[in-house]
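The values are calculated or read from the model by the stated rules, or taken from the named source; none is laboratory data. Remember, predicted model here, so these are calculated numbers, not experimental data. Note that we place each Cβ from the backbone using ideal geometry, even for glycine, and neighbour counts take in every protein chain shown.
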Amino acid sequence: MAEQQAPVGYDDTPMLPGQPYRVHDSKRSAPRVVTPGAGYGDAPSDAVVLFDGSDLSNWQGRDGDAQWKVENGYMEVTPKTGDIQTKEGFGSIQLHLEFACPAEVKGNSQGRGNSGVFLLGGYEVQVLDGYDNPTYADGITGAIYGQFPPLVNATRPPGEWQSYDIIFEAPVYEGETLKSPAYLTVILNGILLHNRKEAMGPTGHKNLSSYDTVHGPTGPLKLQDHGDLVRYRNIWIRNLTDYDAS
Ligand code: MG
């Protein structure tokens, strides 16, 4: 007996407003297949792996090679060697990384387990030991630094590995004019901190952000040396500019 085949699309349905396709259009191309990593946080098949625990070959430091320590599958800030950044530049990305603040608690407020993840070289999502550590709200773990506190404080205790999943939409300039600002979606340890939050511009310390200084459409992913022994591992991105959302 012939098995009944379900239709895989239609060509007699209404046109979707603003799209060149019908509802359930049979001619619309299928989303490309991406194979997820085996476990949570493992890089999927279309990821650009920036740090897999072995070396800093995708990174550079202030004076050339990145000087941070690499051991046991993680990198660790080596104070006074400066921030490190990817050799390659990126625009809109999905980012995954994991970090751990020092198990030995030292200092307070912004002086405890401070580092940072800078998207497009200038938009900082704060890394801090924010566990039972009072500080200003727009500087706690997961803050869009100096602009917006996270919705909640979802930090794990010092020494424990924590995960960031960040979707960064790069701002778009047309000449000197900002056409579209940057947006950040930030998830810490599986918990939403920012839902497509519109950034005020590249982040700064003790000043107001703006888009007045025009910057390029791409920039490196940067990790901050704030003098604390913060560790990072499992860093990968997906280039969202590779995908057409229309
Ligand atoms: Mg910082």
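Of all the listed residues (Leu16, Leu95), the sole one being surrounded by 15 or more Cβ atoms within 10 Å (Cβ to Cβ) and in contact with a strand residue (DSSP E or B) (Cβ under 8 Å, 6 or more places away or on another chain) is Leu95. The criterion of at least 3 residues that are charged (D, E, K, R) is met by the following strands (runs of 3 or more DSSP E) wholly inside segment 180-246: 191-198, 231-239. Among the conditions (1) modelled with pLDDT under 95; (2) within 16 Å of the ligand (Cβ to nearest atom), Gly37 misses just one, which is (2). Residues in segment 169-179: is at least one under 27 Å from Gly41 (Cβ atoms), in contact with a Phe, Trp or Tyr (Cβ under 9 Å, 6 or more places away or on another chain) and either modelled with pLDDT of 95 or more or within 14 Å of the ligand (Cβ to nearest atom) (or both)? Yes, the conditions are met somewhere in segment 169-179. Looking only at segment 55-65, decide whether some residue is outside any loop (DSSP other than H, G, I, E, B), closer than 23 Å to Pro171 by Cα and of a type outside the set (Phe, Trp, Tyr). Scanning segment 55-65 turns up no residue that is outside any loop (DSSP other than H, G, I, E, B), closer than 23 Å to Pro171 by Cα and of a type outside the set (Phe, Trp, Tyr).
Residues of segment 141-169 that are among the hydrophobic types (A, V, I, L, M, F, W, C) and touching a Pro at 6+ places or on another chain (Cβ under 6 Å): Ala143 alone.
Scan segment 19-33 for residues that are surrounded by 11 or more Cβ atoms within 10 Å (Cβ to Cβ) and under 30 Å from Tyr232 (Cβ atoms) and report the count. Counting residues in segment 19-33 that are surrounded by 11 or more Cβ atoms within 10 Å (Cβ to Cβ) and under 30 Å from Tyr232 (Cβ atoms) gives 0.
In segment 72-91, the condition of being surrounded by 10 or more Cβ atoms within 10 Å (Cβ to Cβ), small (Gly, Ala, Ser) and out of contact with any Lys or Arg (no Cβ under 9 Å at 6 or more places or on another chain) is met by at least one residue.
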